[in-house]
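Here is the structure we will look at, set down as structure tokens.
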């Protein structure tokens, strides 16, 4: 018969071995975590659905992080929309839905404030919801406001690049906008939009070395074509292996936000396959 001392030793050994096996399984299932990457989805991928429905789809794709976008209906019995205007009840509902799906609300955007007051509301909302990064495209005259609020709320702001002729389409413009401003301001690198603008995503990442806080991740069927559409990661024109290598070289720590803007009504399997492809490469 096993005494208490031997049982305790056995239990410690069991827990150590079990913990090690669980860590091995997690490393195989979620290899991005070892790199400090949060692999998730931009809720805009599921813009035809409510936020509640989007979370279910993101969960089913094997992802644990979400980037919410302003204006998406919350659902689950609520007609409120995502953003600073959410009531306390709406915010509590969103937090409950996130917990039920085991998903972390990592980022919010792409968003903008029309004035200092509205920017303040956006940052206060982010702080309250535990959001780490606000993806945005501020007016030039608002950059100092954003910089100040990053420090005040301890929330990062990442400048996002829509394709040319949007203001931040070129990383050189982003770098200029970041000069002399908060270290909590950086870039939200949209590799697909760089491709649409005819820019090499790897070169763009190199220019933003150390400034990349977040990424909208996608692969496209064509390069240099603004009408190009999403395809499964690793099957299009994105030099995905080189992009991964460059992010590793920079010791990137942040969210890769799947933004699959195609097959809108039924793209959950597209996201799932893309995630599988990326994890296989990692």
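Conditions tested, residue by residue: (1) surrounded by 19 or more Cβ atoms within 10 Å (Cβ to Cβ); (2) more than 27 Å from residue 151 (Cβ to Cβ); (3) within 20 Å of the chain's Cα centre (by Cα).
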| position | (1), (2), (3) |
| --- | --- |
| 162 | no, no, yes |
| 165 | no, yes, no |
| 168 | yes, no, yes |
| 171 | yes, no, yes |
| 174 | yes, no, yes |
| 180 | no, no, no |
| 191 | yes, yes, yes |
| 207 | no, no, no |
| 212 | yes, no, yes |
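Quick one: is residue 73 surrounded by fewer than 18 Cβ atoms within 10 Å (Cβ to Cβ) and in contact with a strand residue (DSSP E or B) (Cβ under 7 Å, 6 or more places away or on another chain)?
Yes: the conditions hold for residue 73.
Scan the range 116-136 for residues that are in a loop (DSSP other than H, G, I, E, B) and either buried (at least 17 other Cβ atoms within 10 Å of the Cβ) or free of Cβ contacts under 8 Å to residues at least 24 places away in the same chain (or both) and jot them down.
Listed by number, the residues that qualify are 131, 132.
Which of (1) touching a residue at least 40 places away in the same chain (Cβ under 8 Å); (2) surrounded by 13 or more Cβ atoms within 10 Å (Cβ to Cβ) is the odd one out, the single condition residue 36 does not satisfy?
Answer for residue 36: the failing condition is (2).
Of the residues in the range 137-190, how many are in contact with a helix residue (DSSP H, G or I) (Cβ under 7 Å, 6 or more places away or on another chain), within 18 Å of residue 253 (Cβ to Cβ) and assigned to a loop (DSSP other than H, G, I, E, B)?
Residues in the range 137-190 being in contact with a helix residue (DSSP H, G or I) (Cβ under 7 Å, 6 or more places away or on another chain), within 18 Å of residue 253 (Cβ to Cβ) and assigned to a loop (DSSP other than H, G, I, E, B): 3 in total.
For the range 80-95, give me each residue that is more than 18 Å from residue 121 (Cβ to Cβ) and under 20 Å from the mean Cα position of the chain (by Cα).
95
Looking at the range 240-276, which of its residues are touching a helix residue (DSSP H, G or I) at 6+ places or on another chain (Cβ under 9 Å), surrounded by fewer than 16 Cβ atoms within 10 Å (Cβ to Cβ) and farther than 22 Å from residue 188 by Cα?
Result: 263, 264.
Out of the residues in the range 86-114 that are assigned to a loop (DSSP other than H, G, I, E, B) and in contact (Cβ under 8 Å) with a residue 24 or more places away in the chain, state the one that is surrounded by the fewest Cβ atoms within 10 Å (Cβ to Cβ).
By that ranking, first place goes to 102.
Has the range 215-222 got any residue that is within 23 Å of residue 131 (Cα to Cα), part of a loop (DSSP other than H, G, I, E, B) and in contact (Cβ under 8 Å) with a residue 40 or more places away in the chain?
Yes, the range 215-222 contains at least one residue that is within 23 Å of residue 131 (Cα to Cα), part of a loop (DSSP other than H, G, I, E, B) and in contact (Cβ under 8 Å) with a residue 40 or more places away in the chain.
Let me spell it out: the conditions are (1) outside any helix (DSSP H, G or I); (2) free of Cβ contacts under 8 Å to residues at least 12 places away in the same chain, and residue 203 meets all of them except one. Which number is the exception?
Result: residue 203 passes all but (1).
Can you give me the number of residues within the range 37-75 that are within 15 Å of the chain's Cα centre (by Cα), under 14 Å from residue 257 (Cβ atoms) and not in a strand (DSSP E or B)?
Going through the range 37-75 one residue at a time, the tally reaches 10.
How about the range 76-85: which of its residues are free of Cβ contacts under 8 Å to residues at least 40 places away in the same chain, assigned to a loop (DSSP other than H, G, I, E, B) and in contact with a strand residue (DSSP E or B) (Cβ under 8 Å, 6 or more places away or on another chain)?
82
Laboratory data are not the source of any read-out in this text; all were calculated from the coordinates shown. Owing to the predicted nature of the structure, the values given are computational and were not obtained by experimental measurement. Positions of Cβ are backbone-derived with ideal geometry, glycine not excepted, and every protein chain shown enters the neighbour counts.
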